[in-house]
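Contents: one structure, followed by commentary.
The values are calculated or read from the model by the stated rules, or taken from the named source; none is laboratory data. All values derive from a computational prediction rather than experimental measurement. Note that each Cβ is placed from the backbone with ideal geometry, even for glycine, and that neighbours are counted across all protein chains shown. The accessibility values were calculated without ligands, DNA or RNA, using every heavy atom of the protein model including side chains. Shrake-Rupley method; radii C 1.70, N 1.55, O 1.52, S 1.80 Å.
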Amino acid sequence: MLEWLLDPQAWIALATLTALEIVLGVDNIVFISILVGRLPPHQRDKARILGLGLAMATRLLLLLSLTWIMTLTEPLFTLLSQEISGRDLILIGGGLFLLAKSTHEIHNDVESSGEEESLKPKAASFAGILTQIAIIDIVFSLDSVITAVGMVDHIPVMVTAIVLSVLIMMVAAKPIGDFVDAHPTLKMLALSFLILVGVALLGEGLDFHIPRGYVYFAMAFSLAVEMLNLKRRKNLRRRQASADNAN
C-alpha cells in the first residue's frame, strides 16, 4: 500500500499533479472569490474555507468512484449526430452555468447604482452562495479528477495531490479575493475569464476541444495588460497627489 513512498517516479508524479491541480483550481478560486464578495465581510472567510472544503470533498468522492467516472464517457444518446455522454452533460451544464452566472454578475456590476451596490452583500444568502459553489465544484472536480486518473496509477498519490493543492488554495484564496475586491476592473476581468472557461467547457462537452494552453495564455496576457493599467493609474494618482501638495 505504501510502496509508492519509495518510488522516485511517484514523488515526481505527486509534485507534477499537485501543481496541475493548483492550476486547474485557479478558476475555482476566482469563482469562489467573486461569489463570497457578495456576502457580508464577517461571513466571507468562513464561506471561502467551506467552499474549498467542498471542492476537496467532491474531488475525493469522485476519485474514490473511479469506476463510475469511467462510465461517464460511454454515450448515453445521440443529438444531431453528436454522441453525448454523462461527462459531456456535466461539462455542458457547468459551462452554461458559468456563462449564465458570469453574465448575471457583469450585468449587476454594470447596471447597479451606488445604493444597490452597497446593499448587494446583504442580498446574498450564505446557504445560496455555498450551493452555487457546490454546483460549480462538481464541474471543476470532474476536470481535475479526470486529469489525476490520466496521469497517475496510485490512488494515494492522487488523494495526496488533491489534499495538498486544496490546502494551498485555502491559503491563497483570501489574498486573491481581497485583491479582486479592491480593484473592480480586475473583478470584471475575472468574470470575463469565467465566461472564457464556460465557453471552453461547453465546447469540450460538445466534443470541440479548445487546448487549455490557449485559454491560459489569453488569461495571462489579459492579466498582464491589466496589471500595467493598475500600475499606470497608481502612478497617475501619486503624481496628482504630489502636484496637489506642491500647490
Response to the item:
Where a ≥ b ≥ c are root eigenvalues of the Cα gyration tensor, a/c under 1.5 meaning rounded, otherwise prolate if a/b exceeds b/c and oblate otherwise, the stretch 136-247 counts as prolate
Practice prompt. Along Cα→Cβ, 7 Å out, is where each label goes; now give me the distance between the ones at D207 and D244 in nm to one decimal.
Written response: 6.1
Item to complete: Please give, to one decimal in nm, the separation of the simple spin-label points placed at L6 and A224, each 7 Å out from Cα toward the Cβ.
Response: 4.7
Discussion item. Please report the carbon-and-sulfur percent of the accessible area for the stretch 173-223; probe 1.4 Å, protein heavy atoms only, DNA, RNA and ligands left out.
Written reply: 78
Worksheet item: Can you run phi through the Karplus equation (6.51, -1.76, 1.60; θ = phi - 60°) for the stretch 236-243 and list ³J(HN,Hα) in whole Hz, with x for Gly and Pro?
Response: 5, 5, 5, 5, 5, 5, 5, 5
Practice prompt. Go through the stretch 49-57 residue by residue and turn each phi into a ³J(HN,Hα) via Karplus (6.51, -1.76, 1.60, θ = phi - 60°); whole Hz please, and just put x for glycine and proline.
Written response: 5, 5, x, 6, x, 4, 4, 5, 4
Fill in: L50 accessible area, 1.4 Å probe, all protein chains in place, Å² to nearest 10
80
